[in-house]
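Pasting a structure here, questions to come.
The values are calculated or read from the model by the stated rules, or taken from the named source; none is laboratory data. Since this is a predicted model, take the numbers as computed values, not measurements. Cβ coordinates were reconstructed from backbone atoms using ideal geometry, including for glycine residues, and neighbour counts include every protein chain displayed. Keep in mind that these areas ignore ligands, DNA and RNA; they rest on the heavy atoms of the full protein, side chains included. Shrake-Rupley method; radii C 1.70, N 1.55, O 1.52, S 1.80 Å.
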Amino acid sequence: MVFLKVDGIRKTFVGEHKEEITAISDLSFHCEEGEFLCIVGPTGCGKTTLLRLIAGLDKPSAGTISIDNRIIEGLNNDATLVFQQYSLFPWRNVINNIGFSLEMKHISRKNRYKEAQYYINLVGLKGFEKAYPYELSGGMQQRVAIARALAYNPKLLLLDEPFGALDERTRHRLQEELLALWQDQKKTVVFVTHNIDEALFLASRILVMRDRPGNIIEAITVNIPRPRDRRSKKFLDLHIGIREILERILTTNRK
């Protein structure tokens, strides 16, 4: 069942010298309900711009984005976007950061704390309820950001390179935890990354974007059983195939 549909999207900006810059052009794809979709592509291809359009933080210059056949106009209340920079409130402790989503839904303080505690336990932060962001590691801060997003109970979870600033060991651990959350929560996920290994480990399907103007040039179904072994032949073969696609993009841009 098609849940998210992006149809003929174009996004233009006005440059420093008043010239029109096309970031995304004629971009279309769909995402099925409950799917874990990853988008990879070179830096500057419009991945973050695309997520902002889906979230309703920006408006497309042309084309439509719809969820459950409802065209998104303005802020997309069915989606929550998690950034790489964590975006936590430094003056709020863990439980109050997570509770912010519930506060915006006018849930009572008692029930807000009860629900926030559930998500704290879910992401493995029990015992850190009263800790402030500056007291947490990068990986723990990102867990708080993901818990806050889940607490909002969105139909669609958007993640913009959420583990990009973390060391490899922490990144791998959080990838495994995110997969467990996805399987438990049955959310539809669109995850942007420049890391091929990460996309192959997480995704049901991978979309490869070309450089500006951004567009989808390849859609790859990842038919590798879970849990996935990064050292398996099928994993490594797909990794090489996607890398070759991205290298062709870069080679074309140099000409």
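List every residue pair whose Cβ atoms lie under 8 Å apart, where the two residues are 6 or more positions apart in sequence or sit on different chains, the first residue falls within segment 199-228 and is free of Cβ contacts under 8 Å to residues at least 24 places away in the same chain, and the second residue, located anywhere, is surrounded by 18 or more Cβ atoms within 10 Å (Cβ to Cβ) and part of a loop (DSSP other than H, G, I, E, B).
These pairs meet every condition: Val222/Ala203.
State which residue pairs qualify: first residue in a helix (DSSP H, G or I) and inside segment 69-94, second residue open to solvent by 100 Å² or more (accessible area, probe 1.4 Å) in any location, beta carbons under 8 Å apart, and separation of 6 or more residues or different chains.
If the second residue must be open to solvent by 100 Å² or more (accessible area, probe 1.4 Å), the pairs left are Val94/Lys130.
Of (1) within 17 Å of the chain's Cα centre (by Cα); (2) open to solvent by 40 Å² or more (accessible area, probe 1.4 Å), Asp237 satisfies all except one. Which?
Result: Asp237 fails condition (1) only.
Of Asp160, Asp184, Asp167, which residue is among the acidic types (Asp, Glu) and within 13 Å of the chain's Cα centre (by Cα)?
Asp160
Can you pull out the residues in segment 125-139 that are buried (at least 16 other Cβ atoms within 10 Å of the Cβ) and closer than 25 Å to Lys186 by Cβ?
Leu125, Gly139
Six or more apart or on different chains, Cβ atoms under 9 Å: show the pairs whose first residue is in segment 134-163 and in the same structural domain as Thr188 (by the TED database) and of a type in the set (Asp, Glu) and whose second is open to solvent by 20 Å² or more (accessible area, probe 1.4 Å) and assigned to a helix (DSSP H, G or I).
Asp160/Thr48; Asp160/Arg52; Glu161/Thr48
Looking at segment 127-185, which of its residues are outside any helix (DSSP H, G or I), among the aromatic types (Phe, Trp, Tyr) and within 20 Å of Ala199 (Cα to Cα)?
Phe163, the sole residue that qualifies.
Every residue in segment 10-42 that is open to solvent by 40 Å² or more (accessible area, probe 1.4 Å) and acidic (Asp, Glu), please.
Glu16, Glu19, Glu20, Asp26, Glu32, Glu33
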